[in-house]
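Asker: I'd like to ask you about the structure that follows.
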Amino acid sequence: MKKTSDLSIDTELTCKILTGFIQTEITRAGFSKAVVGLSGGIDSSLSCYLAAEALGTENVLAVRMPYESSSPGSLDHARLVIDELGVQSKTVPITEMVQPLFERFPEAGQIRRGNVMARARMIILYDQSEAFDGLVVGTGNKTEILLGYTTLFGDSACALNPLGDLYKTQVRQLARAMELPEVIIDKPPSADLWVGQTDEDELGFTYAEVDQLLYLLVDERYSPEDCLEAGFTEPFVKAVIDLIRVNHFKRVMPPIAKLSNRTIGYDFLYLRDWGT
């Protein structure tokens, strides 16, 4: 029988910690505002709710960035969040930005095109960061970060990330507690990079399944053999471990070749609040 871990969280305490984190990290950097790329999915919606709670609705800019094939439902769901919270908003379509590159490389497949779209959205968010005088708040959860299910310098780019230590199943718990619209909580997770795309179809397993395994591997420090004894299949364990391993480069700053006695990232490791 497969081992089942309790991934339930204290939602009230979690909300307090995350809103405090957003407020502290943004103000210590000399800012008071936040910019959130709002796709209409549960992760970006939750980040927007947390930012609004932490900073006040007038200090949050939600940016919708549709492509021509984006689901109309995604735009509608993002609008639900904007209207519910009363945050500031902008809609900046990316079609005219990315289409010339797609025409230049017509052989590019869905993954290449998806990466281009994710990075185009990053450009818009950081432009709006300057225009709005606010920091970009990330939307990636712990499951996605561990599996590498993100575009480097695309949707992974942010100044701070309140959701990065929450598994996807925990994101759902917090979203329900903060009373996000049910239609957003219940819909299949999707990056909405092409028609019909869903996270779980692309990954090959459900978030509920992989969160259980990731919790044992990461939080409980289980060995692969321990996971097999816990009831997980060998192909599943191997596939997940391989994803964690090969995508490690997405979770760290680029390594610097060491030449001196004080190398950034090796010996020069002052705390972020050094001098504040």
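Asker: Compute the distance in nm between two label points, each set 7 Å from the Cα along the Cα-to-Cβ direction, one at T95 and one at D201.
Answerer: 2.2 nm
Asker: Now for a different question. If you count the DSSP beta bridges with both ends in the chain, what percent of them are antiparallel, to the nearest 5?
Answerer: Values: 0 of 12 bridges.
Bridges in the chain are about 0 percent antiparallel.
Asker: Expected output is a single nm value to one decimal: the length gained when fully extending between S260 and L13, i.e. 0.36 nm times separation in residues minus the C-alpha distance. What is it? All intermediate terms of the calculation are to be shown ahead of the outcome.
Answerer: Details: separation 247, 0.36 × 247 = 88.92 nm, distance 4.38 nm.
Taking S260 through L13 to full extension adds about 84.5 nm, to one decimal.
Asker: Please compute the net charge surrounding D219, taking Lys and Arg as +1 and Asp and Glu as -1 over other residues with Cβ under 11 Å from its Cβ. Don't jump to the answer; show the numbers that get you there.
Answerer: On the way: positive: K142, R221; negative: D165, D211, E220.
With Lys, Arg at +1 and Asp, Glu at -1, the net is -1.
Asker: Continuing with this model, one more query. Nothing charged except the Cβ atoms of Lys and Arg (+1) and of Asp and Glu (-1): what's the magnitude of the dipole of the chain about its Cα centre? Round to the nearest 20 debye. Could the numbers behind the result be given before it?
Answerer: Numbers: 26 positive and 39 negative charges, 174 e Å.
For the chain, the charge dipole is close to 840 debye.
Asker: Please give the FRET efficiency for Y126 paired with D186, using the beta carbon to beta carbon distance and R0 = 25 Å, rounded to the nearest 0.05. Each step should come with its number before you reach the end.
Answerer: Values: r = 32 Å, r/R0 = 1.27.
Taking R0 as 25 Å, the efficiency between Y126 and D186 is 0.20.
Asker: Name the long-range amide H neighbours of V136: under 5 Å, sequence gap of 5 or more, or other chain; modelled H, no Pro or chain starts.
Answerer: Amide H to amide H, under 5 Å and 5 or more residues apart or across chains, V136 pairs with V35, A159.
Asker: Hey, rough spin-label estimate for F102 and E68, points 7 angstrom out along Cα→Cβ, what's it come to in nanometres?
Answerer: Placing both labels 7 Å beyond Cα along the Cβ direction yields 0.6 nm.
Asker: Next question. Using 1/(1 + (r/R0)^6) with R0 = 30 angstrom and r between the beta carbons of F153 and M1, what's the FRET efficiency to the nearest 0.05?
Answerer: Efficiency, rounded to the nearest 0.05: 0.10.
Asker: Below 8 Å between Cα atoms, with a sequence gap of 6+, how large is the relative contact order for segment 208-268 in percent? Intermediate results must be reported in sequence, preceding the final value.
Answerer: Working: 20 pairs, mean separation 11.2, N = 61.
Reported relative contact order: 18 percent.
Asker: Could you rank the peptides 206-213, 114-121, 232-239 by their average count of other C-beta atoms within 10 Å per residue, with the highest value first?
Answerer: Values: 206-213: 19.4, 114-121: 21.5, 232-239: 15.0.
Packing order, densest peptide first, comes out as 114-121, 206-213, 232-239.
Asker: For segment 1-71, which GluC sites (Glu not before Pro) are both in a DSSP coil and crowded by at most 14 other Cβ atoms within 10 Å? Kindly include the intermediate steps, with their values, before the conclusion.
Answerer: Values: sites: E12, E25, E53, E58, E68; in loops: E68.
Counting only loop positions with at most 14 other Cβ atoms within 10 Å, the GluC sites (Glu not before Pro) in segment 1-71 are E68.
Asker: Under the rule of -39500 (n - 2.57) per DSSP H run of 4 or more residues, summed and divided by the residues of the chain, what mean residue ellipticity at 222 nm is obtained, to the nearest 500 deg cm²/dmol?
Answerer: Working: 12 runs with 132 residues, N = 276.
Result for the chain: -14500 deg cm²/dmol, rounded to the nearest 500.
Asker: Here's a follow-up. Out of segment 85-150, which GluC sites (Glu not before Pro) are coil in DSSP terms and have no more than 12 other C-beta atoms within 10 Å? Write down the numbers at each step before the final one.
Answerer: Details: sites: E96, E103, E107, E130, E144; in loops: E107.
Those that pass, being in a loop and sparsely packed, are E107.
Asker: Which lysines does K33 reach when only Cα atoms under 29 Å apart count, and residues fewer than 8 places away in its own chain are ignored?
Answerer: Cross-link targets: K16, K90, K142, K168, K250.
Asker: Of I256, T233, F102, which is farthest along the charge dipole of the chain in the positive direction, counting Lys and Arg as +1 and Asp and Glu as -1 at C-beta?
Answerer: Going by the Cα projections, it comes out as I256.
Asker: Fewest first, what order do M1, M253 take by the number of other Cβ atoms within 10 Å?
Answerer: Details: M1 5, M253 8.
Result, fewest neighbours first: M1, M253.
Where a number appears in this text, it was derived from the coordinates with a stated rule and is not lab data. Since this is a predicted model, take the numbers as computed values, not measurements. Positions of Cβ are backbone-derived with ideal geometry, glycine not excepted, and every protein chain shown enters the neighbour counts.
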